[in-house]
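Structure, as structure tokens:
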Amino acid sequence: MSQDSETKILSQTFKAFKPELGGRLIDGQEPLFTVKPESVEEVSAIVELAYTKELALVIAGSRTAMCMGNVVNRPFAVLDTANLNSIVEYVPEDLTITVEAGMTLATLQFTLAEYGQYLPINPPPSDEISVGGMLVTGVAGTWRGQLPSARDLILGATTVKGDGTVVRSGGRVVKNVTGYDLHRLHAGSLGSFGVVAETTFKVLPLPVSSAMLRIEPKSIAAGVSLAKSLLNKGFPIRSVVLTSPAVSGLMLSKEEFILFVDIGGSDVAVRQTITAISALSVYPVDSTVITIGQQLRSIFEGDNRIVVRVGVPQQYIAEIMSQMIEMNIAVFANIAASQISGECFSSDSTDMKELADQLGSLREIVKRYHGYLMIENASVELRSKIDPSGASKLSVVDELRRKFDPAQIINPGRIGDSK
Amino acid sequence: MVRFFKRSRHKPEPLVRELIKVVGINQVLYTAEDLIGYEYDATIERAAPEVVVLPHTTDEISSVVKICRQYNRPIVPRGSGSGLSGGSVPIKGGVVVSLTRMNKILDINIENRYAVLQPGVINLQLQDRLATEGFTYAPDPSSQRICTLGGNVANNSGGPHTLAHGSTVNHILELEVVLPNGDIARLGSRVLDTPGPDIRGLFAGSEGTLGIITEITAQIIPLPQSLKTMLAVFDTVTSASEAVSSIIRRGVIPVALEMLDQEIIKIVEPRIQAGYPLDAGAVLLIEIEGIPDAVDADSELVKAACEASGASEIRVATSSEEREKLWEGRKAAIGAIGAAYPAFYLLDGVVPRTKLPQVMEDVLAVASSYGFKCANMFHAGDGNLHPTLMFDPQNEGVLDRVLECAGEIMRICVDSGGAITGEHGVGLEKTSYMEWIYSQDDLDAMENIREAFGPADVFNPCKILPNGHGCAVGHAAEINIAMGGNQTSADIYI
Ligand SMILES: Cc1cc2nc3c(=O)[nH]c(=O)nc-3n(C[C@H](O)[C@H](O)[C@H](O)COP(=O)(O)OP(=O)(O)OC[C@H]3O[C@@H](n4cnc5c(N)ncnc54)[C@H](O)[C@@H]3O)c2cc1C
């Protein structure tokens with residue numbers, strides 16, 4: 001039998017879920033077919049069927065982060081969460097919201113904003129990311145550090161194990177220690193422990209007022225040191241971001257180091273903070289910038305871009321940032337989170353082996369400083385030459401995978417040894 | 001009930017000898033007198049361990065774990081034993097590993113905003129040390145004078161300031177742990193958002209069932225520029241609860257929002273003179289922090305919310321002494337109950353904040369239907385209740401009724417969409433309520449977590465999950481037996 005007809009027969013098995021043959025390429029591979037379940041029950045039924053057929057499933061949300069993790073190592077169908085997009089429960093006064101995992105962050109924020117609330121997360125590359133995707137990729141954004149991330153704000157989840165079993169953990173209250181926090185296991189997991197179908201988050205009131213300040217320090221060291229002194233003063237700052245000349249150039253056509261300070265709070269808080277920072281800074285403070293978040297994030301958008309994130313204790317930020325600039329990486333540092341994000345410029349003639357080696361050496365240095373380097377987005381070629389996550393190997397992670405996805409069918413190969 | 005484990009049955013001598021070889025003679029306790037202090041935590045459950053080990057290093061712990069595996073003994077990690085769910089009670093005997101001698105602050109790294117700590121460091125000791133540098137560590141359980149950071153991480157403890165700052169897990173960067181096979185692992189890193197699944201997050205709150213925490217890297221934050229503590233007085237718990245919602249509705253998240261009801265005010269005020277009006281139906285203790293002008297503006301919003309909900313008086317602490325007094329009333333409330341009543345049973349439930357007024361009414365009605373006085377001091381902003389039933393243990397059958405009443409109160413929390421513990425943990429005490437919250441599939445998945453770390457009976461058996469192998473089902477009957485003896489001083493049945 002030809003492969004095509006085998007695929008057709010297999011997809012027929014799923015006909016109750018209206019499979020569409022093929023689908024958008026993932027890691028350069030065409031899916032056998034794509035299904036879009038509309039409820040947790042459907043997710044469970046699809047996964048159970050896939051389990052019995054030993055069919056691998058790649059879970060796709062908004063596909064903003066499909067080039068993360070190891071390359072998928074088996075033929076697969078796609079379970080797309082786009083139709084899992086409803087609000088399950090929202091009680092503004094309880095500061096909690098439960099939504100299906102395919103809902104985009106943008107839709108979630110829109111709903112919350114009507115009640116003067118938000119989820120204080122602005123992950124790259126955009127709010128089009130699905131909330132489930134945001135949890136499992138662990139991407140955070142410029143507010144991270146001063147504000148919590150998905151792994152902090154997650155209160156509970158409904159997930160589907162690799163054999164179709166539906167599992168709930170946590171709850172819909174803001175504080176809860178009833179049993180193991182299974183939902184935290186999914187944070188940063190790249191979906192390796194099953195499908196996240198529903199999530200409950202703690203939300204916060206939207207700041208009434210916000211402002212963005214722009215300061216041009218003379219050097220990286222001066223920028224980092226000013227940023228740290230501002231952060232240590234307890235101002236209502238949401239982020240302090242230092243952009244390298246390359247990034248500043250892309251954003252504002254100005255090739256300088258720029259420190260962007262995002263302030264959010266009550267009117268008086270914002271005003272008082274602007275005044276205080278202007279008095280503290282030895283460099284002029286410009287408060288006419290409106291927003292940078294979206295611009296900063298979209299710089300790194302696109303499947304073949306090579307985007308890395310380094311986390312390193314603050315004392316090494318300036319050193320590592322300089323090294324990355326020398327490596328021709330366009331970088332910005334989120335000083336509060338102690339993280340540096342950057343895009344490695346590449347072209348068709350870039351030697352991927354060489355780049356992988358360079359990133360590998362940088363990883364060794366940051367590891368010595370108790371930090372990490374992860375590749376958040378890259379081509380199949382680069383991700384095959386260097387372990388994208390750089391996570392330390394823990395045998396308990398393999399054990400957990402065996403328990404939660406016994407046939408290893410969910411996002412096969414994404415984490416752990418890529419072989 | 002104290003369960004003694006006959007030495008002869010387990011042939012402990014070689015075990016003790018091996019342990020002494022690893023940690024030294026002064027770090028191993030094995031005589032009945034020495035073990036008494038390790039039979040209980042702050043709950044009623046008691047059970048005697050066979051041996052207590054007080055190691056000084058992670059390597060020692062790793063060896064101790066390997067020896068215990070070899071001799072097939074369960075291991076129970078223990079901090080200060082201030083836990084409120086029986087978490088550190090060695091219900092199946094075995095070896096208690098006390099972390100109290102690993103109590104060094106290894107590094108206060110202001111530049112990188114973290115502190116590296118041994119698990120036996122006392123919570124307040126860290127806060128005091130950081131305060132001298134203008135920094136703090138946010139999680140502040142009311143027991144912070146005695147509890148260890150290892151215990152805090154193991155229970156994912158909260159405190160009054162959880163409302164704004166989150167629970168312990170939100171402040172932990174990295175853990176060094178000893179796993180059931182004796183391996184030493186590091187979870188997380190010195191920076192936020194370490195790549196890979198968040199095993200650090202999973203480990204926090206695992207109540208000593210997955211391994212022993214041997215080192216903690218915690219985030220530290222600058223102390224606020226300005227702080228305002230207020231006391232708002234109400235006629236009823238319902239109007240105070242409404243004020244809580246009204247404050248949140250106005251977009252203000254105070255750092256703390258605590259409630260004390262009439263019953264507890266009557267107990268606390270005469271003993272502590274915190275300044276709570278004796279005729280109040282309820283008071284709210286509200287704290288706001290930030291930059292000075294913003295704190296002023298927010299406190300105006302809070303005042304308006306309280307007034308709109310019928311507050312009869314709103315007082316702002318004008319000095320740090322006054323602030324401390326107001327807090328003393330809240331933090332020493334449990335001790336005050338102990339001084340006033342021969343015994344009490346403190347519960348920990350959590351409900352959606354909007355359900356607070358109804359839940360509080362129902363809780364008081366249930367307590368009074370059993371004839372118990374019920375005092376309440378709790379984290380109202382988080383919907384985290386601590387109904388406390390006061391009783392005389394000499395009354396026959398009273399403990400059964402206390403537990404039955406407590407069960408009904410827990411049920412009210414669950415039925416309102418809440419859960420059976422907001423910060424004290426499931427421990428031994430609440431395993432039988434787990435089925436009210438979770439399906440068998442959910443519990444099986446939790447069992448999977450345990451198994452992935454190692455055999456379920458290695459660390460802290462019979463905790464968190466119901467129906468553990470060889471574990472008692474429920475404990476009401478046992479408690480009755482335990483109460484057979486004379487109770488002279490106040491007992492906390494928490
Ligand atoms: C008066 C009073 C007030 C309290 N107020 C609060 C409060 O506001 N908020 C709150 O959350 N709790 C509160 N508690 C409960 C208790 O203090 C906390 O749960 C605390 O974190 C326990 O710390 P401990 O060192 O006493 O731990 P223990 O009681 O010794 O142990 C608690 C649990 O942690 C495990 N454990 C301890 N150390 C380790 C380690 N190093 N590695 C692995 N597991 C370990 C034990 O096995 C056990 O399961 C209060 C208790 C009292 C008595």
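The values are calculated or read from the model by the stated rules, or taken from the named source; none is laboratory data. Note that the structure is predicted; figures quoted are calculated from it, not measured. Here Cβ is always computed from backbone atoms with ideal geometry, including for glycine, and neighbour counts include all displayed protein chains. Ligands, DNA and RNA are stripped out before the accessible areas are found, and what is left, the full protein with its side chains, is counted by its heavy atoms. Shrake-Rupley method; radii C 1.70, N 1.55, O 1.52, S 1.80 Å.
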| request: Within a 10 angstrom radius of each residue's Cβ in A:388-396, how many Cβ atoms of other chains show up on average? Whole number is fine. | output: 6
| Counting partner chain Cβ atoms within 10 Å of every residue's Cβ in B:444-457, what's the average? | 5
| query | Using a 1.4 Å probe, what is the accessible area per residue for the protein assembly as shown, in Å²? | reply | 35
| request: Calculate what fraction, in whole %, of the accessible area of chain B sits on carbon and sulfur atoms when a 1.4 Å probe is rolled over the protein chains. | output: 48
| query | Listed highest first by mean packing, meaning other Cβ atoms within 10 Å per residue, what order do B:60-68, A:399-407 come in? | reply | B:60-68, A:399-407
| Largest first, how would B:Glu242, B:Glu307, A:Glu376 line up by accessible area (1.4 Å probe)? | B:Glu307, B:Glu242, A:Glu376
| request: Give me the angle, in degrees from 0 to 90, between the Cα long axis of helix A:267-280 and the longest principal axis of the Cα atoms of chain A, rounded to the nearest 10. | output: 60
| request: Quickly estimate the mean residue ellipticity at 222 nm for chain A, helices only: each DSSP H run with n ≥ 4 gives -39500 (n - 2.57), and the total goes over all residues, rounded to 500. | output: -9000 deg cm²/dmol
| query | In Å² (nearest 100), what accessible area is buried between B and A, both sides summed, heavy protein atoms only, 1.4 Å probe? | reply | 6200
| Considering every pair of different Cα atoms, what Kirkwood radius, in Å, is found for the protein assembly as shown? | 28.5
| said: Using a 1.4 angstrom probe on the protein heavy atoms only, could you order A:Met66, B:Met446 from most to least accessible area? | reply: A:Met66, B:Met446
| Taking the radius of gyration and the Kirkwood hydrodynamic radius from Cα positions alone, what is the Rg/Rh ratio for region B:105-222, to two decimal places? | 0.94
| said: Rounded to the nearest 10 Å², what accessible area does B:Trp327 have for a 1.4 Å probe in the complete protein model? | reply: 20
| task | Treating each Cα of region B:338-438 as an identical point scatterer and ignoring solvent, apply the Debye formula and state log10 I(q)/I(0) at q = 0.12, 0.13, 0.14, 0.21 Å⁻¹. | result | -0.36, -0.42, -0.49, -1.10
| remark: Long-range share for region A:87-205, i.e. C-alpha pairs more than 20 Å apart as a percent of all pairs, stands at 35
| task | Counting helices only, and only those DSSP H runs with n ≥ 4, report the 222 nm mean residue ellipticity of chain B as the sum of -39,500 (n - 2.57) divided by its residues, in deg cm²/dmol to the nearest 500. | result | -10500 deg cm²/dmol
| query | Hey, which of these cross-link pairs are over 31 Å Cα-Cα: A:Lys233/B:Lys104; B:Lys104/B:Lys355; A:Lys385/B:Lys66; A:Lys393/B:Lys463? | reply | B:Lys104/B:Lys355; A:Lys385/B:Lys66
| said: Given Cβ point charges of +1 (Lys, Arg) and -1 (Asp, Glu) and nothing else, what value in debye, to the nearest 20, does the dipole of the protein assembly as shown about its Cα centre take? | reply: 1640
| What's the carbon and sulfur percent of region A:87-205's accessible surface, probe 1.4 angstrom, rounded to a whole number? | 51
| message | Taking θ = phi - 60°, what integer Hz values does the Karplus form 6.51 cos²θ - 1.76 cosθ + 1.60 yield along region A:204-211, in sequence order, with x for Gly and Pro? | response | 10, x, 5, x, 5, 9, 8, 8
| note | Any residue on another chain or 5+ positions along whose placed amide H is under 5 Å from the amide H of B:Glu423 is listed here as A:Val177
| query | Which percent of the accessible area of region A:314-398 is formed by carbon and sulfur heavy atoms (probe 1.4 angstrom)? | reply | 46
| task | Show which aspartates and glutamates lie in cross-link reach of A:Lys15 when reach means a straight Cα distance below 15 angstrom and same-chain residues fewer than eight apart are skipped. | result | A:Glu6, A:Glu38, A:Glu42, A:Glu48
| task | Go through the protein assembly as shown and flag any cysteine with no other cysteine's C-beta closer than 4.7 Å, please. | result | A:Cys67, A:Cys344, B:Cys68, B:Cys147, B:Cys306, B:Cys374, B:Cys405, B:Cys413
| Any idea what angle helix A:40-53 forms with the longest principal axis of chain A, computed on alpha-carbon atoms, 0 to 90 degrees, nearest 10? | 60
| task | Evaluate the charge dipole of chain A about its Cα centre and quote only its size in Debye, nearest 20, assuming +1 on the Cβ of each Lys and Arg and -1 on the Cβ of each Asp and Glu. | result | 860
| note | note: region B:226-334, Cα-Cα separations exceeding 23 Å make up a percent value of 20
| field | Debye log10 I(q)/I(0) at q = 0.08, 0.09, 0.10 Å⁻¹ for chain A, Cα point scatterers | value | -0.45, -0.57, -0.71
| request: Pop out the ³J(HN,Hα) list for region B:423-439 in order, Karplus 6.51 cos²θ - 1.76 cosθ + 1.60 with θ = phi - 60°, rounded to Hz; leave Gly and Pro as x. | output: 7, 7, x, 7, x, 8, 5, 10, 4, 6, 8, 4, 5, 6, 9, 10, 7
| remark: Output field shielding_mean for A:144-156 (other chain Cβ, 10 Å radius) holds 3
| query | Along the charge dipole of the protein assembly as shown, which of B:Ala154, B:Phe378, A:Val203 sits closest to the positive end, that is, farthest toward it, with unit charges on the beta carbon of Lys, Arg, Asp and Glu (+1, +1, -1, -1)? | reply | B:Ala154
| message | How high is the relative contact order of chain B? Use alpha-carbon pairs under 8 Å, at least six apart in sequence, and give a whole percent. | response | 15
| task | Calculate one ³J(HN,Hα) per residue across region A:222-237 by plugging θ = phi - 60° into the Karplus curve 6.51 cos²θ - 1.76 cosθ + 1.60, and present them in order as whole Hz with x for glycine and proline. | result | 5, x, 5, 5, 5, 4, 5, 5, 5, 5, 7, 8, x, 6, x, 8
| said: Let me check I have the definition right: for chain B, take the eigenvalues of the Cα gyration tensor, multiply each by 5, take square roots. What are those semi-axes in whole Å, largest first? | reply: 37, 28, 20
| message | Which order do you get for B:Glu50, B:Glu18 if you rank them by accessible area with a 1.4 Å probe, largest at the top? | response | B:Glu18, B:Glu50
